[in-house]
Structures are given as structure tokens and as C-alpha cells.
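Contents: one structure, followed by commentary.
The values are calculated or read from the model by the stated rules, or taken from the named source; none is laboratory data. Everything numeric here is computed off the predicted structure, so don't read it as measured data. Quick reminder, even Gly has a Cβ in these numbers, built from the backbone with ideal geometry, and neighbours come from all protein chains shown. The area values use the complete protein model at the heavy-atom level, side chains included, leaving out ligands, DNA and RNA. Shrake-Rupley method; radii C 1.70, N 1.55, O 1.52, S 1.80 Å.
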Amino acid sequence: MTEESVEALLNLIEVRRGVESEVAALAAVRRTPGQLAEIEHALRRIDEAVAAGSDGVEEDARLHQCIAAVTGNPYWLRFVEMFAQHVRSAVSVTRANEARRADFARQVKVEHEQIVSAIAARDPDLARAAAAQHMEGAAQRVRAADRDFWRGEGGELARKLSAAEGASEESRAG
């Protein structure tokens with residue numbers, strides 16, 4: 001069951017890599033100074049949430065939704081929102097894994113900062129690459145999680161994602 005759950009998580013990360021790369025590139029081109037301030041605020045909220053003892057899942061998801069909103073294309077935002085619950089479930093797993101290892105948590109922080117920095121610099125190629133690297137980093141961290149993580153909290157959270165994926169497939173087939 002856990003292997004299927006990990007595979008479901010990696011599948012979602014693969015989809016997010018394509019979507020979030022393009023969203024970040026468009027945000028870099030289209031963002032206004034006010035929108036950049038919103039993105040930067042969303043980034044800070046992750047650190048604030050973690051410092052306050054939260055897992056930062058909602059704040060992390062909010063950062064990515066904020067970037068999608070900045071594209072100015074409502075379909076990108078709707079597409080991101082369509083997967084929002086699955087993304088929150090996936091982020092729950094990845095953030096729980098990152099909370100166990102300071103090096104993972106630092107990597108995620110740096111990756112988020114690189115995306116925001118590229119958007120601030122209005123560099124779509126750099127933003128696209130930074131978002132792709134963030135998703136690749138997420139996949140690498142999932143693959144690097146130890147067995148204890150998957151036997152405990154990580155496995156439980158990943159099974160929820162896998163169950164949600166299965167329910168979605170059943171509703172489409174029915």
C-alpha cells in the first residue's frame with residue numbers, strides 16, 4: 001500500500017512540475033509590483049507558520065496559488081485550484097518529511113526563495129527552471145525518506161493521498 005501511495009505522490013509531483021513551471025514563468029512576465037508584494041508576503045507566511053509551530057501546509061499551498069493568480073489567466077488559477085486538495089495532501093506528506101530533516105527544510109526554503117526571486121527579476125526562464133527544480137527536489141526528498149517515515153506519519157499521510165486519487169478515478173469511471 002505504501003509503495004502505491006508513494007507512486008501517487010510522485011505522479012502528482014510530476015504533474016505539478018509541468019504546471020507550476022509554466023505558471024511561474026508567466027507570473028514573472030505578468031506580475032505587477034503589488035502582486036509581487038503578495039507573493040513575497042505568502043512566502044514569509046510559510047516561515048511564520050513554521051516558527052509558530054504549524055506544519056505550513058496551508059501557507060505553502062497558498063504561495064503556489066498566489067503565483068498562479070498572478071498569471072492573469074483565470075484558467076491557470078482554476079487548474080491549480082482543481083488540484084488544490086490533492087496538492088494540500090501531497091504537501092502534508094512532503095512537509096512532514098522535511099520537518100524530520102533540517103537539510104530538507106532548508107532546501108525547500110531556498111527553492112521557494114529562488115522561484116520568488118526569479119519572478120521578482122521578471123525572468124521567465126529562470127522562474128520556469130526554479131519551479132521545475134523545486135518539484136524535482138520534492139521528488140528527490142520523497143525518494144530519500146527513510147522507512148520509519150513511511151511506516152509512520154508519512155505512510156499515513158501518503159495513503160490519504162492515494163485514497164483520494166482512487167476515489168477520483170472511481171467517480172470518473174462511475
Exercise for the section: Of the numbered conditions (1) open to solvent by less than 10 Å² (accessible area, probe 1.4 Å); (2) more than 26 Å from Trp150 (Cα to Cα); (3) not hydrophobic (A, V, I, L, M, F, W, C), Gly137 fails exactly one; give the number of that condition. Expected result: (2)
Practice task
Considering each residue of segment 27-77, count those that are open to solvent by less than 40 Å² (accessible area, probe 1.4 Å) and on the phi > 0 side of the Ramachandran plot, and give that number.
Solution key: 1
Exercise for the section: Can you confirm whether segment 71-94 contains a residue that is modelled with pLDDT of 95 or more and within 18 Å of the chain's Cα centre (by Cα)? Expected result: yes
Handout entry: Every residue from segment 47-72 that is within 22 Å of Glu14 (Cα to Cα) and not β-branched (Val, Ile, Thr)
Key = Gly56, Glu58, Glu59, Asp60, Ala61, Arg62, Leu63, His64, Gln65, Cys66, Ala68, Ala69
Completion exercise
By residue number, the members of segment 78-117 that are open to solvent by 20 Å² or more (accessible area, probe 1.4 Å) and under 19 Å from Arg128 (Cα atoms) are Phe79, Val80, Gln107, Lys109, Val110, Glu113, Gln114, Ser117
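For every residue, the table says whether it meets (1) closer than 19 Å to Asn11 by Cβ; (2) at pLDDT 85 or above; (3) part of a helix (DSSP H, G or I).
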position	(1), (2), (3)
Gln114	no, yes, yes
Glu136	yes, yes, yes
Arg141	yes, yes, yes
Arg159	yes, no, yes
Glu165	yes, no, yes
Ser171	yes, no, yes
